[in-house]
Amino acid sequence: MENSLSVQELRQQLAQLEAEIRQIKVKLIKLRRDAREAQGEPSYPHIIRTDSGLTIDGSRLTLYSIMDLVIANYPPEYIKDFFNLTDEKNNDALDYIEEYRAEVETEYQLVLKQAEENRIYWEERNREHLAKVAAKPPKPEYAEIYKKLKEHREKYKA
């Protein structure tokens, strides 16, 4: 006899399990922090604030770069491997993000806004220059290469 659940029941179970996972994560974060503090260490020894914002100690990696992957729901092991972090630094970064999510998210949004403003600024500033460069004829030493590229483009367009 097959015991099948409705889609709604499955969604309810999934939501319940996700809530339990969040509670366990919060407990784990607090335990790690409390253990460090009990040993007289800072709560998050690998997280520092620099001119670039919240940064992993000993690197130029900001928590905002890590946030890109956290928001995309990448698993912690992938994040660790992607940025070549130690277990301690990865745990510190992810724990800090989780514990101070609202503050980090606010700063992250500011960083994204600033990055977009910078992109627009440089795009506008370089638009005229790039147009001039594109309008120039190719250098004679590259004529053969451009000829081959043109042939390949025509071949693939057909």
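The values are calculated or read from the model by the stated rules, or taken from the named source; none is laboratory data. If you're wondering where the values come from, they're calculated on a predicted model, not measured in any experiment. Virtual Cβ from ideal backbone geometry, glycine too; neighbours counted across all protein chains shown. When the accessible area is computed, the model is the full protein with side chains, heavy atoms only, and any ligands, DNA or RNA have been set aside. Shrake-Rupley method; radii C 1.70, N 1.55, O 1.52, S 1.80 Å.
Once amide H atoms are built 1.01 Å from N in the peptide plane, which residues 5 or more positions from residue 61, or in another chain, come under 5 Å H to H?
Residues meeting the criterion, in which the H sits 1.01 Å from N, are 56.
Using +1 at the Cβ of each Lys and Arg and -1 at the Cβ of each Asp and Glu in the stretch 118-158, identify which of 133, 149, 122 lies farthest towards the dipole's positive end.
So the residue we want is 149.
So what is the 222 nm mean residue ellipticity for the chain from helices alone, if each DSSP H run of at least 4 adds -39500 (n - 2.57) and you divide by all residues, rounding to the nearest 500 deg cm²/dmol?
-24000 deg cm²/dmol
Sort 10, 85 by accessible area with a 1.4 Å probe, largest first.
10, 85
Just add up the charged neighbours of residue 87: K/R +1, D/E -1, any other residue whose Cβ is under 13 Å from the Cβ of residue 87.
Overall, the nearby charge balance is -2.
Work through the residues other than residue 26 whose Cβ is under 12 Å from its Cβ and net out their charges, Lys, Arg +1 and Asp, Glu -1.
Within the 12 Å Cβ shell, the charges total +3.
Beyond 31 Å between alpha-carbons counts as too far, so tell me which of 89/113; 80/157; 30/80; 113/139; 132/157 fall in that bin. Show your work: numbers first, answer last.
On the way: 89/113 27 Å; 80/157 43 Å; 30/80 20 Å; 113/139 39 Å; 132/157 27 Å.
Result: 80/157; 113/139 exceed 31 Å.
When only C-alpha pairs under 8 Å and at least 6 residues apart count, what is the relative contact order of the chain, in percent?
15 percent.
What is the log10 of I(q)/I(0) for the chain, computed with the Debye formula using one identical point scatterer on each Cα and no solvent, at q = 0.13, 0.15, 0.16 Å⁻¹?
Each listed q maps to, in turn, -0.81, -0.92, -0.98.
List, in order, the whole-Hz ³J(HN,Hα) value for each residue of the stretch 50-56 obtained from phi through the Karplus relation with A = 6.51, B = -1.76, C = 1.60 and θ = phi - 60°; use x for Gly and Pro.
Each residue's phi maps through the Karplus curve to give 10, 4, 7, x, 5, 10, 6 Hz.
In the Gaussian network model of the chain, springs joining C-alpha atoms below 10 Å, which of 17, 31, 69 carries the largest mean-square fluctuation?
17
Could you state the per residue volume, in Å³, of the convex hull enclosing the Cα atoms of the stretch 90-158?
Measuring per residue, one finds 209 Å³ for the Cα hull of the stretch 90-158.
Quick one: net charge around residue 115, please, counting Lys, Arg +1 and Asp, Glu -1 for every other residue with C-beta under 14 Å from its C-beta. Each step should come with its number before you reach the end.
On the way: positive: 113, 119; negative: 68, 107, 116, 117, 123.
In short, -3.
Could you give each residue of the stretch 36-45 its phi-based ³J(HN,Hα) in whole Hz, using Karplus coefficients 6.51, -1.76, 1.60 with θ = phi - 60°, and x for Gly or Pro?
Per-residue couplings from phi come out as 5, 5, 5, 8, x, 8, x, 4, 10, x Hz.
Any idea what the alpha-carbon Rg over 2.2 N^0.38 Å comes to for the stretch 41-126? Can you show the working numbers first?
Numbers: Rg = 13.9 Å, N = 86, 2.2 N^0.38 = 12.0 Å.
Working it through for the stretch 41-126, the quotient is 1.16.
Sorted from largest down, what three extents in whole angstroms do the Cα atoms of the stretch 57-107 have along their principal axes?
Principal extents (largest minus smallest coordinate, Cα): 26, 24, 17 Å.
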